[in-house]
Amino acid sequence: MIQYLVISDIYGKTPCLQQLAKHFNAENQIVDPYNGVHQAIENEEEYYKLFIKHCGYDEYAAKLEEYFNKLSKPTICIAFSAGASAAWRAQARTTTTHLKKVIAFYPTQIRNYLNIDAIHPCEFIFPGFEPHFNVDELITNLSAKNNVRCLKTLYLHGFMNQQSQNFSEYGYQYFYKVIKTANSEAH
């Protein structure tokens, strides 16, 4: 039986993320930068500052590597934004054979780690546009790697997060089904 490891973005373990994980009807665990402690912050800029102060990108990647190394069952990793970039880095360094797939939504920082290879199957779901880099160019670079599949959506960064101004109910429902399908593919 596949289990899910859900990796949060800078917002941490939110009720929305908990609801998503609960829908899998499978064993799951949520990993976040704040060790499960809810952060009552109103805006994205403040969350970003808190993320950098409390955890940061390097520490988050190291934390995920520890989680990956402790896996004892076949696991699909579902990761978002900062968590998705950290999962990309961690999957390349883990020694586990239990990590069956990484599904990473809008991993913007991955553009800074193109020297990494996919040791485990990785599927990246990108938004249609990012203000800080060319999404198509990043997809071209990543798609040349073994074990990597990239999808570009019409949605914007945060479309899976009900707290985001870019949330898309249709995108959420569609990609929820993609995640559920990954369970049968990972066997």
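The values are calculated or read from the model by the stated rules, or taken from the named source; none is laboratory data. Since this is a predicted model, take the numbers as computed values, not measurements. Every residue, glycine as well, gets a Cβ built from its backbone with ideal geometry; the counts of neighbours run over all protein chains shown. SASA here: full protein model, heavy atoms, side chains in, ligands and nucleic acids out. Shrake-Rupley method; radii C 1.70, N 1.55, O 1.52, S 1.80 Å.
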- Item | DSSP bridge orientation in the chain - percent antiparallel, rounded to nearest 5 | 5
- Item | Carbon plus sulfur fraction of accessible area for segment 1-41, probe 1.4 Å, in percent | 48
- Message: Once you place label points 7 Å from the Cα toward the Cβ at N166 and N25, how far apart are they in nm?
- Response: 3.1
- From the coordinates shown, P(r) over Cα pairs in 10 Å bins from 0, in percent corresponds to which of (i) 10, 37, 31, 15, 6, 1, 0; (ii) 8, 26, 29, 22, 11, 4, 0; (iii) 9, 41, 40, 10, 0: (iii)
- Once you've got the Cα coordinates, tell me which of K13/K180; K53/K145; K53/K177; K49/K73 are over 31 Å apart. K53/K145; K53/K177; K49/K73
- Message: For a Förster distance of 41 Å, can you work out the FRET efficiency between the beta-carbons of E42 and R149, rounded to the nearest 0.05?
- Response: 0.70
- Query: What residue among Y11, Y34, Y106 shows peak mean-square fluctuation when the chain is described by a Gaussian network model with Cα springs under 10 Å?
  - Reply: Y34
- Message: Leaving out ligands and nucleic acids, and using a 1.4 Å probe, what accessible area per residue does segment 86-134 come to in Å²?
- Response: 39
- On the accessible surface of segment 125-187, probed at 1.4 Å with all protein chains in place, carbon and sulfur together account for a percent value of 49
- Item | segment 7-29 and segment 131-187: distance between their alpha carbon centers, rounded to Å | 17
- Probe 1.4 Å, heavy atoms of protein chains only: per residue, the accessible area of segment 5-76 in Å² is 53
- Segments 143-149, 94-100, 1-7 sorted - mean Cβ within 10 Å per residue, highest first: 1-7, 94-100, 143-149
